[in-house]
Amino acid sequence: MDWPGADYRDPPRTLASWSIRRPLAEWLRREGAASGGKRVLDVGCGVKPYYPFFAAAAEYVGVDVKENVNADIVGTADAIPVEDGSYDVVLCTQVLEHVDDPAAVVRELHRVTAPGGRVLASTHGVMLYHPNPQDLWRWTHTGLQRLFEGAGGWAVVAVEPGAGSAECLGMLTANYLHLLAKRAHVAGAARPVIGLVNALAAALDARVAPLREPAPGSLFANLHVTAVKG
């Protein structure tokens with residue numbers, strides 16, 4: 001399917017954010033496979049890059065704070081202009097770190113989710129400062145769990161790291177390599193090195209299981225939340 005956002009669904013390993021985008025795409029691809037006949041809302045949708053994963057859904061609606069050709073509704077994440085309990089699956093990827101009041105957004109996600117439905121959210125544990133237009137928050141896995149449990153009355157909240165600690169360090173290294181190369185006007189030359197860094201970090205995480213588990217000293221670039229409404 002020719003749809004925008006291919007580098008989100010199938011990110012190249014030479015991308016500095018590969019260790020974030022690859023696990024996120026894998027997770028949403030699995031979730032999308034079970035979306036047949038369901039109503040899906042994408043909050044902070046941008047170009048709706050994950051729509052192809054949910055093509056079997058009965059409806060896929062994107063809401064964004066700015067008008068764009070792919071957004072069906074214009075609205076903010078803390079005041080979504082849809083009826084209560086109207087969607088079976090609600091996506092909210094890489095949004096929470098940018099909002100003024102994350103708890104208010106989580107409560108709003110709960111409001112628009114149908115009973116028995118679920119929210120699939122992702123946000124950063126560790127990441128470079130990236131204002132779009134602002135960048136306010138980072139979480140540990142326990143902090144993100146507490147945020148959701150304290151806002152909305154969910155039946156189930158599960159928080160999992162997208163990738164392990166080695167990939168988090170690899171992501172930071174890759175991003176700084178990209179920034180330095182960009183400033184030196186040799187961004188293309190850095191791509192093979194970034195690809196090697198990402199590959200080595202992923203291989204280390206795959207080989208050493210404790211690097212993928214939440215524990216004292218762990219670092220996670222991205223966290224995935226599944227919250228089920230009772």
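The values are calculated or read from the model by the stated rules, or taken from the named source; none is laboratory data. Everything numeric in this text was worked out from a predicted model, so none of it was measured. Glycine gets a Cβ as well: all are built from the backbone with ideal geometry, and neighbour counts include every protein chain shown. We work out accessible area using only protein heavy atoms, side chains counted, and drop any ligands, DNA or RNA first. Shrake-Rupley method; radii C 1.70, N 1.55, O 1.52, S 1.80 Å.
Pull out the extension gain between ALA58 and ASP2, defined as 0.36 nm times the separation in residues minus the alpha carbon to alpha carbon distance; nm, one decimal.
Going from the current span to full extension adds 18.2 nm.
The orientation-averaged projected area of the convex hull spanned by the Cα atoms of segment 79-180 comes to 7.1 nm². PRE reach from GLU83 (point 7 Å along Cα→Cβ): which of segment 95-113 fall under 19 Å by backbone N? In segment 95-113, the label zone of GLU83 (backbone N under 19 Å from the point 7 Å along Cα→Cβ) covers 108-113.
Just name one of ALA203, THR140, ALA103: the one whose Cα is farthest towards the positive end of the charge dipole of segment 101-204 (beta-carbon charges, Lys/Arg +1, Asp/Glu -1). Highest projection toward the positive end goes to ALA203.
Can you pull the percent of Cα pairs in the chain with separation above 26 Å?
On the way: 9752 of 26335 pairs.
Pairs farther apart than 26 Å: 37 percent.
Where the accessible area of the chain is counted over protein heavy atoms with a 1.4 Å probe, how much of it, in %, is carbon and sulfur?
Values: 6210 of 10920 Å².
Carbon plus sulfur share of accessible area: 57 percent.
Compactness of segment 1-135, taken as the C-alpha radius of gyration over 2.2 N^0.38 Å, stands at 1.00. When only alpha carbons are used to place a centre, segment 185-229 and segment 38-93 end up 28 Å from one another.
Within the shell of other residues whose beta carbon sits under 10 angstrom from the beta carbon of ALA71, the net charge comes to -2, with Lys and Arg scored +1 and Asp and Glu -1. Multiplying the residue separation of ALA33 and ALA114 by 0.36 nm and subtracting their alpha-carbon distance yields 27.2 nm. Rolling a 1.4 Å probe over the heavy atoms of the protein chains gives segment 25-152 an accessible area of 44 Å² per residue.
Taking packing as the residue-averaged number of other Cβ atoms within 10 angstrom, the listed peptides 167-175, 222-230, 208-216 run from highest to lowest as 167-175, 222-230, 208-216. Against the chain, whose longest principal axis comes from its Cα atoms, helix 165-183 is set at around 70 degrees. Put simply, when 67-77, 180-190 are sorted by average Cβ atoms within 10 angstrom per residue, most first, you get 67-77, 180-190.
Quick one: length gained pulling ALA206 to ASN68 fully straight, 0.36 nm per residue minus the C-alpha distance?
On the way: separation 138, 0.36 × 138 = 49.68 nm, distance 3.88 nm.
Taking ALA206 through ASN68 to full extension adds about 45.8 nm, to one decimal.
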